[in-house]
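The values are calculated or read from the model by the stated rules, or taken from the named source; none is laboratory data. On a predicted model such as this, the values are computed, not experimentally measured, just so you know. Because the Cβ atoms are built from the backbone with ideal geometry, glycine has one as well, and the counts that use them run over all protein chains shown. For the accessible areas, the whole protein counts, side chains as well, though only heavy atoms, and no ligand, DNA or RNA atoms are used. Shrake-Rupley method; radii C 1.70, N 1.55, O 1.52, S 1.80 Å.
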Amino acid sequence: GGEDFGRGPSRADRPHRKSKPPVAMYALMIYSLKVGACLAVFYLFFKLLLSRETFHRLNRIVVLAAMVLSFILPFCVITIYRELPAAPEMPAAEQLFEAPAEPQPEPFPWDKAAALVFLTGAGATLLWTFGSVFGVIRMIRRGRRERLADGTVLVRIGRSVTPFSWYRYIVLSEKDLAENGDAIVLHEKAHLRLRHSVDLLLTDLAGCLQWFNPAMWLLRRELRAIHEYEADEAVLDSGVDAKHYQLLLIRKAAGGRWYSVANSFNHSKLKNRITMMLRKRSSRWAGARALLLLPLTAVALGAFAETAYVFPQEPLSDETVLVPLPEDKIKKENRTVVIRSGKSTKNLMEKALILVDGREVTTLDSLDPGRIESISVLKDSTSKVVYGEKGKDGVILVTLKKE
């Protein structure tokens, strides 16, 4: 029984088990779900408390910080150690693996299908982002370029085109330049000076991993709106008449095609932009709501915390069965596997709580047998008493060799 556990059954004798995605792919999907949950919470926080305020720079910082935190927090795992009573000695012992059952039909690989859908969506979103960048570059190459005094490059297009800015380029038609060139150029220069195109590019790239999450695209839309509020504010601060500028926005509201990585002059909801121009300045106390981002971060850290169980060491009893591992698996070290049990082990590996050095894992498939010091298997009512509801189907305690 011990040697069978050390080297496992042969490939021909193994029963069919549910296929599992690669460890890296599974970890990426779990990580993406955690990021999605953070984005959803942060979006609700911003929409309810800050989106109507007029401190646009602070709002921009909050939205960008929320996105960055959403991608970082799942990596910050706090481990909580919990000491449990020693596992009681069991009177009987059984072999962990039973004879292979009859081959079962292979179930539909839902895990692989989900991974395929996730990768397909991420790849399509990435191609869409690159297509937007190439579209902007192609538009710039086709126009007549003119360098301005501040280093900005003005790109004139002969046909009708929606004015937009990207990197250090401002693109607009000859007609718009002749009729309303000053106001439009001031607006687009504000976008360039504040590096809004960098925000959009990074947000689009981050969205490749969150293409399925509405919160990601809603936050991105809020960020675009903040960009327009900042640019509109810069135009009005330069001395342009507010009513004349608002009428210009209304005339350009129909617009045309614009690119996701570029800031378009007529982007965002016109009503919201005009309302924001007319709104009274928000008080400083309203800006203090942004500090609520800190307790939200703490809540996220608590939600991602893990519990590691610490078990007191105890001497082996006379009833403990010592099963030697094969020499080739433990590099000729004198190690043993400890198996304590008292009931049937059928389907134990699929339902049991598995703890490796006190840390809960879902499977032992990727664990090298040569790293195992000992294994304890609990399969009676005691496991539920000691380990709670998670241990109702049995508990497998794995101790690894000390480095």
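Of the whole protein surface, LEU33 contributes about 110 Å² of accessible area at a 1.4 Å probe radius. Going by amide H atoms built from the backbone, whose H comes under 5 Å of the H on ARG359, apart from near neighbours? HN-HN under 5 Å from ARG359: TYR309.
Apply 1/(1 + (r/R0)^6) to the Cβ-Cβ distance of THR307 and VAL117, taking R0 = 35 Å, and write down the FRET efficiency to the nearest 0.05. Computed FRET efficiency for THR307 and VAL117: 0.65. Sorted largest first by accessible area at a 1.4 angstrom probe radius, with every protein chain in place, the residues ARG359, ARG220 fall in the order ARG359, ARG220. Going down the table (LYS47/LYS351; LYS112/LYS392; LYS112/LYS401; LYS252/LYS280; LYS34/LYS189), which pairs top 31 Å between alpha carbons? Cα-Cα > 31 Å for LYS47/LYS351; LYS112/LYS401; LYS34/LYS189; rest within. Directionally averaged projected area (the stretch 105-219, Cα convex hull): 9.3 nm².
For THR362, the accessible area of its heavy atoms, probed at 1.4 Å with every protein chain present, is near 100 square angstrom. When the surface is traced with a 1.4 Å probe over the full set of protein chains, ASP393 keeps roughly 70 Å² accessible. Mind checking the full-extension length gain between THR79 and LYS175? Use 0.36 nm per residue of separation minus the Cα-Cα distance, one decimal, nm. Length gained, THR79 through LYS175: 28.3 nm. Derived scalar couplings between HN and Hα for the stretch 283-289 equal 6, 5, 5, 5, x, 5, 4 Hz in order, rounded to whole Hz, by the Karplus curve 6.51 cos²θ - 1.76 cosθ + 1.60 (θ = phi - 60°), x for Gly and Pro.
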